[in-house]
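Below is one structure, written out as C-alpha cells, with a few remarks after it.
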Amino acid sequence: MAKIIDGKAISTQIKDELKEIVEKKKALGKQATLAVIQVGNDPASTVYVGNKKKACAYIGINSESYELPEETTQEELLALIDKLNADDKITGILCQLPVPKHIDEDTIIRRISPEKDVDGFHPMSVGALCIGEEGFVSCTPAGIMKLLEYSGIEVEGKECVVVGRSNIVGKPMALLLLRANGTVTVCHSRTCNLKDVCKRADILVVAVGKPKMIDDEYIKDGAVVIDVGIHRMDNGKLCGDVDYDKVVDKCSAITPVPGGVGPMTIAMLMYNCVNAIK
Ligand code: GUN
C-alpha cells in the first residue's frame, strides 16, 4: 500500500515554521507586505487570490489587494507595478495569472522587480535557478521538493521523469530535480513512447493538465508519483492528472488530489514572501 503524501499537513507545518520566523523579524522591526494584483474577476483566480491572502494573515504578513477591472489597460497595470516596485513598504508583488487577453503576460512578469518576484516567474529568477544561484523559485515545483524532503524521499541518483514543460511547473521542476542530483527526463506532447519513458521513473511528476491521463500502465512498481493536476469532474469531485485509484497500489508513495501538491504552492509562496524581507 502506497504512502499517501499529506500536503495539507506538510504545508501547515511549513506555515507554522514561517509564522515563528515572521514574529522574530517583526521584533527586529522588519515586516513583509505582499501586493496581490488581480485583473478581472475570473472565479478560479478569485479563489486562489483569497487563499493567498488568508495564508498571509495566518503567518502574520500584510497583504494589499489591487482588484482591477477587466478593461484595465496594459499601461495602467504596468504603472501600478512600477509604483509597487518603488514602494519600500511592499516586499513582494504577485499578479495573478491569467491576465485578460489584451495584456501581454510576459511583459507583466518582466516588469515586476526580481527582488519582489515572489512567484519566481521573472527571467532573472528562472536564470538564477538554472545556474544554481540564489533566487525566488516557482512555488509549485519548490513545494514538490519540500514534499519529497519532508517525506524522506531521496532524489540523488534517481530516475526522475517530469511530464509537462511549462515555464511555471515543468521546466523549474526539472531544474530542481537536477540540482538535487536526480537523472531527469522531461516529457511533453510530442514525446514518443510516453508510457515507456514514464515507466523508467523512480520519481514521476505529472503536470499535463489532463484529468486521469496517467494510469497504472505508466507506472513502475514502487515509483513515487506526484500529481500536479486538479480538475473538477462531472460529479463535482476533484481529480488529478493521475488516475489515483488505478495507480495507488502500484506506487510506493503518491500525492492525493486534493490535499497533495495544491496546499504546498501557497506554503511556498509564503516561504518566498518571508525570504523577500530584507
Ligand atoms: N495562476 C495559476 N497559478 C499561479 C501562480 O502560482 N501565480 C500566479 N501569479 N498566478 C497563477
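Is it true that Ala86 is within 30 Å of Ala223 (Cα to Cα), free of Cβ contacts under 8 Å to residues at least 60 places away in the same chain and either among the polar types (S, T, N, Q) or surrounded by fewer than 15 Cβ atoms within 10 Å (Cβ to Cβ) (or both)?
Details: within 30 Å of Ala223 (Cα to Cα): no; free of Cβ contacts under 8 Å to residues at least 60 places away in the same chain: yes; either among the polar types (S, T, N, Q) or surrounded by fewer than 15 Cβ atoms within 10 Å (Cβ to Cβ) (or both): yes.
Judged against the criteria, Ala86 is not a match.
Within the set Val186, Val155, the sole residue that is away from the ligand (no atom under 16 Å from the Cβ), over 17 Å from the mean Cα position of the chain (by Cα) and either closer than 18 Å to Val261 by Cα or basic (Lys, Arg) (or both) turns out to be Val155. Ile103 falls short on exactly one of the conditions (1) in contact (Cβ under 8 Å) with a residue 40 or more places away in the chain; (2) under 24 Å from Met268 (Cβ atoms), and that condition is (2).
Evaluating Cys192 against the criteria (1) in contact with a strand residue (DSSP E or B) (Cβ under 7 Å, 6 or more places away or on another chain); (2) in a loop (DSSP other than H, G, I, E, B) leaves one unmet condition, (1). Scan the range 92-118 for residues that are of a type in the set (D, E, K, R), in a helix (DSSP H, G or I) and over 18 Å from Ile61 (Cα atoms) and the total you get is 4. You will find that of Pro100, Pro141, Pro123, the residue that is at pLDDT 95 or above, surrounded by fewer than 18 Cβ atoms within 10 Å (Cβ to Cβ) and either within 14 Å of the ligand (Cβ to nearest atom) or within 14 Å of the chain's Cα centre (by Cα) (or both) is Pro100 and no other. Please go through the range 249-274 and give me each residue that is buried (at least 18 other Cβ atoms within 10 Å of the Cβ) and either more than 16 Å from the ligand (Cβ to nearest atom) or among the polar types (S, T, N, Q) (or both), ordered by number. Residues satisfying the conditions are Lys250, Cys251, Ala253, Ile254, Thr255, Pro256, Thr265, Asn272, Val274.
The residues of the range 223-243 that are within 25 Å of Asp196 (Cα to Cα) and of a type in the set (A, V, I, L, M, F, W, C), listed by number, are Ala223, Val224, Val225, Ile226, Val228, Ile230, Cys239, Val242.
The values are calculated or read from the model by the stated rules, or taken from the named source; none is laboratory data. Since the model is a prediction, treat every value here as computed from it, not as a measurement. A quick note on method: Cβ atoms are made from the backbone with ideal geometry, for glycine too, and the neighbour counts reach across all protein chains shown.
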